[in-house]
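Accompanying notes for the structure given below.
The values are calculated or read from the model by the stated rules, or taken from the named source; none is laboratory data. Worth saying up front: this structure is predicted, and the values here are computed from it rather than measured. Virtual Cβ from ideal backbone geometry, glycine too; neighbours counted across all protein chains shown. For accessibility, only protein heavy atoms count, side chains too; no ligands or nucleic acids. Shrake-Rupley method; radii C 1.70, N 1.55, O 1.52, S 1.80 Å.
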Amino acid sequence: MKIKYLPITFFTFCVAIFSGINAAKAASFSSSVIADGLNNVRGLSFDSDGSLYVAEAGIGGNGACVPSPSAQGNSLCYGTTGAILKIQNGTTKQVLTGLPSLALPTGITAAGPQDIKFDATGKPYILLGYAANPGLRDATFPDTILGKIITADLNTNTRTSIADLANYELANNPDQGDIISNPLAFVLDGNKAVAVDAGANDLLSVDTDGSNLQALATFPRQLLTNPIFPPSDAQPFDEAQVPPPGGFENAPPLQFPVQAVPTGVAIGPDRAYYVSDFTGFPFPEGGAKIYRIGADGQLSVYADGFTQLTDLEFDALGNLYALQYANESAWKGNLDGSLIKIAADGTRTTIFSGNGLLAPSSLTIGSDGAFYITNKSDRPGQGQVLKIENTKSIPEPSSTLSLLALGVLGASLSRKGKPLFKAEV
């Protein structure tokens, strides 16, 4: 800045201060690992006592198998390796074990315990995935709770089925597409559980007593023009996400339909439901959206231009946070993810990106204001829970003079006993 402009700049900043505009601040975020070595780690939630509970989808097992709809001839095999973890006072322990799990033989692409939430009384509800054709489920895995919402007694390791979301897809197929069910995440909204089914591409609601199971919305396919496909020799980011045989290198289509694949749901300050979209193959960069479903049932695009979203969460101020599984098409081999803030006015800020944030799946916000994220979610034995927190807040360079102005002018006002502002951390 040239000296001759200083008086004008100084005056401008003074006007800004007395107009009630706070100095801009830049937040610095750091991450720490609070749990490690987890198996296909998924949703997480705090109880009323401040303990953090985490769902592990498990690694399947050596039991009966069903065909995977997306793994080109591979099968998902059954085991009882799913679990619920409790993190309290720096200690991690399993509090619910022996839950069903399906996975490929390598233990990846697992479906099992996907999410956990607590109601106002402290009662836990658990969502289990399935990731296959529900028409094969009951004959292959009798009396299973895969594809259902259950309640559980964490002291006795018992569970009770509440609603069968996979069977709803089999009976109704709301999007009229392939019959596949993989419930992935849910929220409790009073006496209702509202869940996304990433296989069925819909949003479901059911009362917590198991009644009134219904589809609130289905998510449309998008038609890509001149899509970018992975080469036929591309390394898949998991065995269920591979190029079709022969790829598209010789004759790529000019247009290609892509499924939505809803992954997370949050309740907004307006009481509408907001749903994140992962997108299906070929996982277009910038192709993921955040949908809004209002009380009238109308579906609209709230925000777009994201890549492979996995979860959403609102803070107490109405800011929405979106979690990206990868910042570019995952078949490129870089699984660095991001946490992105979307303010009420639509302004976006990347809170955290890369730096160990790798293929994350779910997030929640603690009472301490920190973000808790399940990380390396697609890796058996390598999953983590990260804590990402704001470690400092400093003035931006553009705001330094405003603070100087505040100090100079504040000196005059302080002699009169008038406080200038209330500091916020």
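So here's what we get for this one:
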{"read-out": "Qualifying residue in segment 305-328 (condition: among the hydroxyl-bearing types (Ser, Thr, Tyr) and part of a loop (DSSP other than H, G, I, E, B))", "value": "yes"}
{"read-out": "Any hit, segment 60-67, residues being of a type in the set (Val, Ile, Thr), open to solvent by less than 30 Å² (accessible area, probe 1.4 Å) and within 25 Å of residue 179 (Cα to Cα)", "value": "yes"}
{"read-out": "Complete set of residues in segment 135-170 that are open to solvent by 60 Å² or more (accessible area, probe 1.4 Å) and in a helix (DSSP H, G or I)", "value": "136, 138, 139, 167, 170"}
{"read-out": "Strands (runs of 3 or more DSSP E) contained entirely in segment 76-134, each with at least 1 residues that are more than 18 Å from the chain's Cα centre (by Cα) and under 20 Å from residue 59 (Cβ atoms)", "value": "91-103"}
{"read-out": "Residue within segment 13-26 that is assigned to a strand (DSSP E or B) and at pLDDT 50 or above present", "value": "no"}
{"read-out": "Residue check, residue 229 closer than 16 Å to residue 264 by Cβ and either touching a residue at least 60 places away in the same chain (Cβ under 8 Å) or of a type outside the set (D, E, K, R) (or both)", "value": "no"}
{"read-out": "From the options 304, 270, 311, 315, residue that is surrounded by 19 or more Cβ atoms within 10 Å (Cβ to Cβ) and among the charged types (D, E, K, R)", "value": "311"}
{"read-out": "Where a residue in segment 297-324 is without any contact (Cβ under 8 Å) to a residue 60 or more places away in the chain and of a type in the set (Gly, Ala, Ser) and its partner, wherever it lies, is open to solvent by 50 Å² or more (accessible area, probe 1.4 Å) and in a strand (DSSP E or B), with Cβ under 6 Å and at least six apart", "value": "300/292"}
{"read-out": "Residue match in segment 337-344 (condition: open to solvent by 80 Å² or more (accessible area, probe 1.4 Å) and at pLDDT below 95)", "value": "yes"}
{"read-out": "Which numbered condition residue 240 fails, given (1) open to solvent by 20 Å² or more (accessible area, probe 1.4 Å); (2) modelled with pLDDT under 90; (3) not charged (D, E, K, R)", "value": "(1)"}
{"read-out": "Filter result for residue 338 (among the hydroxyl-bearing types (Ser, Thr, Tyr) and free of Cβ contacts under 8 Å to residues at least 24 places away in the same chain)", "value": "yes"}
{"read-out": "The listed residue being open to solvent by 40 Å² or more (accessible area, probe 1.4 Å) and touching a Gly at 6+ places or on another chain (Cβ under 7 Å), out of 116, 179", "value": "179"}
